[in-house]
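Here is the structure we will look at.
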Amino acid sequence: MSYKDEQLNELRLSSGNEYFADMSPDSLLGYKLKNPLEMGPSTRTNYSAKWGDFIKSRNEERFCLKIHGLIFWVISEYETGNHKVSTFRYYRAVCYFGLSTLIDDEGFLKSQFSESHVSEKFYENLYSALREFKVSKTDIGVNDKLIVPHTSAKKKKDFPKPIVEWLLNFNATNMPIVRLLQKFIQANLLIGLRPSEWLNVREACSMTKKTVLVVDNAKDSQGRANGHTRTLILENISLEEKRIIREFKEAFHQFLEESYQQFKSKCQAYYDKDPRDKTGKRALGHHHLDLHYGEGLCWNPIIPSIPLEELAQFNSDDSHVLQPEFARIQLVRLQNALVRILSECPLMDCNDQTRPTLYSTRHQCIADAKHSKMNVFEMAAFFGHASVKTAREHYGKAGSGWRVFKFIPDPESVALVRQPRVVSNLIEPTPAPMPLDDFDYSGW
């Protein structure tokens, strides 16, 4: 048995006696023809960028050995306890996506990845090895209760009030990204959206003059949300709270539009300098191989699927095509700004390894909802969860709440939350349906 076969066999067999195997398509081609098509654009971009980072981090000379070493590393990090279940599942999903970019729609290895004595079967075996790897039952949980930490992340699952106040009082003069961060913290502590959902939130006109928001659920493509959209009824919202929400949304979208215009101008200028370079690699100063970002041309780490000559012809009406990518970049910038500012905060506990992130505002908002005794089905619907278990088991605790939460979802959003097979004493009964208002979804 060759070294490669020994390693593949080890990948398949290394696990405990009790396990759950992955339920992805049986073949790499089956994955390619199905799964990427069901992903949202931000997910594809995230996987593509992470796959490129993985490849860059490998030191092996041959490309096939880089991929082999990467797959082995993903599994071994989980086995040794360095990565918990959610991190392993994310890295596995990235590797599935990356492997699928190496073959064409007929299952053959793309020419740019061909090497001597290596065929598509090699990568098919790596896909199978990763797919057949067993995740221990003890890590999945017993009776739906996790008995090991569920994530390797260091994000804090609350946002303490003293730290929030310190951040909002931070002097952000001549620091526009910090001012935008302060607006985000204020707004998201009120309604607890997933950060990426701010790209597609709009205000609807209500016949009863209530403030109503319609949000596109970010996790809908993964089956983890209560429908494509959810409707939030902001009853008893104050004028100041309404101003905070509108102000951040307007500022966020202004940032996106400015980023789009700057990036388009830069690409047009580079293209005008060297129109012969149709891929844009030389013009933009990037020398990445096509493998770096997977599918599409790789002249641009932000939008790898749009050729330069097409981007140069875009007008302001086309900016919505690029908005998800620029939204992701702006959120990364906001997170980086938060990290930098918190490094100066005297209230941070040096012994606490967790740190507040943008997502911590969502955790805190859910903690506030729990603290305010919100009905669990309404809570799931308001925050876009398909099940009441999600907020109960994976989000901030009631004891961390420090403000009154007073908003509710509309009844249709509540109706899309899955009913548990067994309703425990911890779960309140579903409230009686309320009459729906007639909303005019005319946009914000």
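The values are calculated or read from the model by the stated rules, or taken from the named source; none is laboratory data. Bear in mind the structure is a predicted one, so any value in this text is a computation, not a measurement. With ideal geometry, Cβ positions are generated from the backbone for all residues, glycine too; neighbour counts draw on all protein chains shown.
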Are there any pairs, at least 6 apart or on different chains, whose C-beta atoms fall under 6 Å, with the first in segment 127-139 and buried (at least 16 other Cβ atoms within 10 Å of the Cβ) and the second at pLDDT below 85 and among the β-branched types (Val, Ile, Thr), and if so, which?
139/85; 139/148
What are the residues in segment 393-405 that are under 21 Å from residue 217 (Cα atoms) and either modelled with pLDDT of 90 or more or touching a helix residue (DSSP H, G or I) at 6+ places or on another chain (Cβ under 8 Å) (or both), if any?
395, 396, 405
Of the residues in segment 395-409, those that are assigned to a loop (DSSP other than H, G, I, E, B), crowded, with 20+ Cβ neighbours inside 10 Å and touching a residue at least 60 places away in the same chain (Cβ under 8 Å) come to 395, 396, 407
Segment 353-386: number of residues that are over 19 Å from residue 217 (Cα atoms) and without any contact (Cβ under 8 Å) to a residue 24 or more places away in the chain
1
Where a residue in segment 225-249 is under 13 Å from residue 406 (Cβ atoms) and its partner, wherever it lies, is among the hydrophobic types (A, V, I, L, M, F, W, C) and part of a loop (DSSP other than H, G, I, E, B), with Cβ under 7 Å and at least six apart:
232/407; 233/407; 234/407; 235/407
When every residue in segment 34-68 that is surrounded by 17 or more Cβ atoms within 10 Å (Cβ to Cβ) and farther than 26 Å from residue 220 by Cα is compared, the one nearest to the chain's Cα centre (by Cα) is 54
Under the condition of being part of a loop (DSSP other than H, G, I, E, B) and modelled with pLDDT of 85 or more, which residue from segment 410-444 is surrounded by the fewest Cβ atoms within 10 Å (Cβ to Cβ)?
416
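Residues checked against (1) in a helix (DSSP H, G or I); (2) in contact (Cβ under 8 Å) with a residue 60 or more places away in the chain; (3) within 26 Å of residue 224 (Cβ to Cβ):
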| position | (1), (2), (3) |
| --- | --- |
| 30 | yes, no, yes |
| 36 | yes, yes, yes |
| 53 | yes, no, yes |
| 64 | yes, no, no |
| 70 | yes, no, no |
Keeping to segment 202-220, report how many residues are within 19 Å of residue 325 (Cβ to Cβ) and crowded, with 20+ Cβ neighbours inside 10 Å.
1
Does residue 191 fit the bill of being surrounded by fewer than 17 Cβ atoms within 10 Å (Cβ to Cβ) and under 24 Å from the mean Cα position of the chain (by Cα)?
no
Taking the condition modelled with pLDDT under 90, β-branched (Val, Ile, Thr) and surrounded by 16 or more Cβ atoms within 10 Å (Cβ to Cβ), does residue 163 pass?
no
Residues being part of a loop (DSSP other than H, G, I, E, B) and either at pLDDT 50 or above or under 22 Å from the mean Cα position of the chain (by Cα) (or both) - total across segment 127-145
2
